Amino acid sequence: MIETVPIFPRIEATVAADATGTVAINGVMQSVVGADEQAVRAEILTLVTVTATNMGRPVRLNTRDRLGEQLLAVYPDGRVEALSDLDASAALVTSTPVVAQQASAAKPDPERAQRLEEPAARLTLNDFLQSRPAAVAGPAMMGWQGTVRRLTGGLVSVGPGEPELTHRSAIDRVQQSLRGPRTVVVINPKGGAHKTTATLLLAATFGTYRGGYTLAWDNNETRGTLGWRAQPARHSNTAVDLLRDLERFNDLRSARVGDLDNYVRSQGSTQFDVLASDEDAAASSTINGQAFNELHTTLSRFYRVIVVDTGNNMRASNWEAALDAADQLVIVSTIREDTAASAAWLVDGLYEKGHEEKVRNAVTVLASPSKVADAQLNRRLHGHFASLTRTVLDVPHDPALVDGGTLSYDALAPATREAWLQVTAAVADGL
């Protein structure tokens, strides 16, 4: 029998995004204020360590912040461990006794005997490389575990918690190698559905974590707003100008990716480019289906990931051409009845046109139009689109996106960037 030391009392701690927090010890609530979230966590850990010292035994700390909930054990000497790690250690100690394992091994195994008689397949270098253990996770950088590591100068190095592991997994999925250039198409036939914002944030996340060769393309047959919301360039060229000069990029002997800089708009540290739609109010030219295909064929030679923002006319030939080129659809909607109904109508139309497989593999993104979304409508939308598409994900309201002006990825709240990282990872899963 294993004797365990009880970890009491249970202490509740909460950290808010505005660098404030609370800690409740034995029912006594105390407010905590710091310069940032890390400072608030550090102050709470100090208070909890004092409690553990006074009691002469470890205490259990239940934390809640923007990364989620975590259970920690805080010891009188300042050590901190995730309770899940302790539980895993206990599970190892209480595993099946050696006697039972030996008894199990002693039983006759006809299938094993038959396998021993068969000639073994020759192992290759690839088999050897595939047998390598998974890379050990590095020290925690986020949340309470990261705070502990920084406070102790790395002397106490706690493993990453579940939220950080989820974050790292999403980055790995976004960075995975692709089977050639891939096209993501963002759709909803209603204006104001969050399509342009979704296109920019998907491209920014891909560019940030993949290191470039990502394009956000405004495939509006006339004028869209993607170019207006992007960081400006020294030129005002658009897809129409690139189409006119496309022949120079089709000569494989002289075509250079650097020459595209005069047609696309670089987005700086987020490492993606923007191809705007026509911005000339007096122009009469349009991008049709044939023009889209010509542009797409050429651009696929220069970019690994192309994220296409679509217009509101799903009967336009360039809209249909983008749908045909899509390796992954992203159906986006704000949590509003009218916008969601438009998305549902769109899905019905795609099914009727024979695009069932693309719909089933699609990612649905639900954007909150305000700080507090309609919870009942959100549940309805999750139920409806979860039955039609591969996954449904929520993204929060962010004040940095409200004015509709130039989008700054760095100005987004951490929770917003994390939500779009999870969306981008889900999109990458389908590529």
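The values are calculated or read from the model by the stated rules, or taken from the named source; none is laboratory data. Just so it is clear, the model here is predicted, and its values are computed rather than measured. Here the Cβ is made from the backbone with ideal geometry for all residues, glycine too, and neighbour counts use every protein chain on show.
Some notes on this structure:
- Looking only at the range 387-405, residues that are assigned to a loop (DSSP other than H, G, I, E, B) and surrounded by 12 or more Cβ atoms within 10 Å (Cβ to Cβ) come to 7 in all.
- Scanning the range 60-70 for residues that are at pLDDT 85 or above and surrounded by fewer than 19 Cβ atoms within 10 Å (Cβ to Cβ), we see that the one that is nearest to Ala13 (Cα to Cα) is Asn62.
- Restricting the range 335-379 to residues that are β-branched (Val, Ile, Thr) and out of contact with any helix residue (DSSP H, G or I) (no Cβ under 8 Å at 6 or more places or on another chain), the residue that is nearest to Thr424 (Cα to Cα): Thr339
- Scoring Arg265 on the criteria (1) out of contact with any Lys or Arg (no Cβ under 6 Å at 6 or more places or on another chain); (2) closer than 30 Å to Ser342 by Cα; (3) surrounded by 21 or more Cβ atoms within 10 Å (Cβ to Cβ) leaves a single failure, condition (2).
- Subset of the range 236-278 that is of a type outside the set (A, V, I, L, M, F, W, C) and in contact with a strand residue (DSSP E or B) (Cβ under 8 Å, 6 or more places away or on another chain) - its residue that is modelled with the lowest pLDDT: Ser277
- Qualifying residue in the range 367-382 (condition: closer than 14 Å to Leu202 by Cα, crowded, with 19+ Cβ neighbours inside 10 Å and either touching a Leu at 6+ places or on another chain (Cβ under 9 Å) or in the same structural domain as Ala203 (by TED's automatic domain parsing) (or both)): yes
- Under the condition of being more than 15 Å from Phe249 (Cα to Cα) and either among the β-branched types (Val, Ile, Thr) or not assigned by TED's automatic domain parsing to the domain that holds Leu260 (or both), the residues counted in the range 285-303 number 2.
- Selection status of Ser254, without any contact (Cβ under 8 Å) to a residue 12 or more places away in the chain and not acidic (Asp, Glu): yes
- Some residue of the range 198-219 being of a type in the set (Val, Ile, Thr), part of a strand (DSSP E or B) and assigned by TED's automatic domain parsing to the domain that holds Asp410: yes
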